[in-house]
Amino acid sequence: MKHLSKAVPAMIALSVGATMAAANPVPEHQTQAFLSALAAGGGKPLEQLSPQEARAVLTGAQKSVQVDMSGIEVSDKTIMADGKAIKLTVVRPQKVKGPLPVFMFFHGGGWVLGDYPTHARLIRDLVVASGAVAVYVDYTPSPEAHYPTAINQAYAATKWVAEHGQEINVDGKRLAVAGNSVGGNMAAVVSLMAKEKATPKLRFQLLLWPVTDSSFDTDSYRQFAEGHFLTRNMMTWFWDSYTADPNERAQIHASPLKASLDQLEGLPPALVQTAGLDVLRDEGEAYARKLDAAGVEVTAVRYNGMIHDYGLLNPLSQVPEVKAAMRQAGAELKAHLN
């Protein structure tokens, strides 16, 4: 008892320290250097740029460092859905023959930014870690198109791969969906659509720091509104570009967090990764809790010290937490697809 009584003050001190750290989180040191460089750059906020200018900013950031792109083979395939062409980029593990399991990849960038080149290293890391093929979907961005165009294209591409996988040498029966940020939103929504339409059969959903709600009413939105890469104002611009209609935003195909437990029941297993210093942190974790409440097999992991899109940003690709997050994501894909 004496030993226990001496330990109690230390335990209380640890608890208080942990609470203070949670209330005042700090970025990992390489991440802080990245944020400091952004602040010193003095550029206009992204939401004050044209879509074309904003896209160029992300492209420039991704090209600013060299990354490992070994171990993959890349090809393109164009499919037709509802009379319109959708370009797919197929990323395979190098020198591996035969139909492999496959995951769809929907890119982030607020429905406005991003393309295959900006996401190539992230996709490569997932392919190498999982041993599966990635099919990147080149959906039409906003404001060129608005909700629900992109999500309908994402679902159509997923259904096509399930039904015609042999055309790209993949096993469409071992199929998952994956995406980062708004791409995580799209992966979640495609999972909902697949349940509603009873096709295709999905084995897994990989939701990387996903957008799940349009309300902006969370502690993380208030705490990290500015100064942590993705800002509240940027997300406002992204949502306005995708759909400014409050009725559309409330639909579960835009805000999957609004889905009922009955609508979530029976969805494929999920891994939800969130960043400790991200406006989207709380809504991603809320979605994971709701999946769990609906009986879905879900793993939710918060990477402390990380900012939004930590796994996408090439300047952060060698940060230990980022490498660990990619290994986890790849391992979960592999476990559920094999």
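We did not get these values from a lab; they are worked out from the coordinates using the rules stated. This is a predicted model, so every value here is computed, not measured. Please note: Cβ atoms are built from the backbone with ideal geometry, for glycine as well, and neighbour counts cover all protein chains shown.
The Rg/Rh ratio of the stretch 31-180, with both radii computed over alpha carbons and Rh defined as the Kirkwood radius, is 1.01.
The packing ranking, built from the mean of other Cβ atoms within 10 Å per residue, places the peptides 127-135, 273-281 in the order 273-281, 127-135, highest first.
Think of it as helices only: each DSSP H run of n ≥ 4 in the chain is worth -39500 (n - 2.57), and spread over all residues that comes to -14000 deg cm²/dmol at 222 nm. Treating the stretch 127-231 as a set of equal point scatterers at the Cα positions, no solvent, please give the Debye-formula log₁₀ I(q)/I(0) at q = 0.13, 0.16, 0.21 Å⁻¹. Result of the Debye calculation: -0.55, -0.78, -1.16.
Kindly work out what percent of the DSSP beta bridges joining two residues of the stretch 28-337 are antiparallel, to the nearest 5. Percentage antiparallel, nearest 5: 35.
Each peptide in 172-185, 139-152, 79-92 gets a packing score, the mean of other Cβ atoms within 10 Å over its residues, and the list from highest to lowest is 172-185, 139-152, 79-92. Remark: 332, 265 ranked as 265, 332, counting other beta-carbon atoms within 10 Å and listing the fewest first.
When every Cα-Cα distance of the stretch 28-337 is counted in 20 angstrom steps from zero, the calculated P(r) takes the values 36, 60, 3 percent. For residue 75, project a label point 7 Å along Cα to C-beta. Then give me every residue of the stretch 149-175 with its amide nitrogen under 18 Å of that point. Answer for this model: 160-173. Note that the stretch 178-275 shows a convex hull volume over its alpha carbon atoms of 102 Å³ per residue. In this entry, the stretch 260-313 is assigned a mean projected area of 3.8 nm², taken as a quarter of its C-alpha convex hull surface. Taking Cα atoms only, the orientation of helix 29-41 departs from the longest principal axis of the chain by about 80 degrees.
To the nearest 10 degrees, how steep is helix 232-242 against the longest Cα principal axis of the chain, on a 0 to 90 scale? For helix 232-242, the angle is close to 20 degrees. Along Cα→Cβ, 7 Å out, is where each label goes; now give me the distance between the ones at residue 248 and residue 335 in nm to one decimal. Output for this residue pair reads 3.8 nm. Counted over the stretch 219-338 with a bin width of 10 Å, the fraction of Cα pairs per bin, in whole percents, is 13, 35, 39, 13, 0.
Maximal additional length on extending the residue 173-residue 261 stretch stands at 29.1 nm, based on 0.36 nm per residue less the C-alpha distance.
The peptide list 294-300, 47-53, put in order of mean Cβ contacts within 10 Å with the highest first, becomes 294-300, 47-53. Ordering 216, 105 by the number of other Cβ atoms within 10 Å of each residue's own Cβ, fewest first, gives 216, 105.
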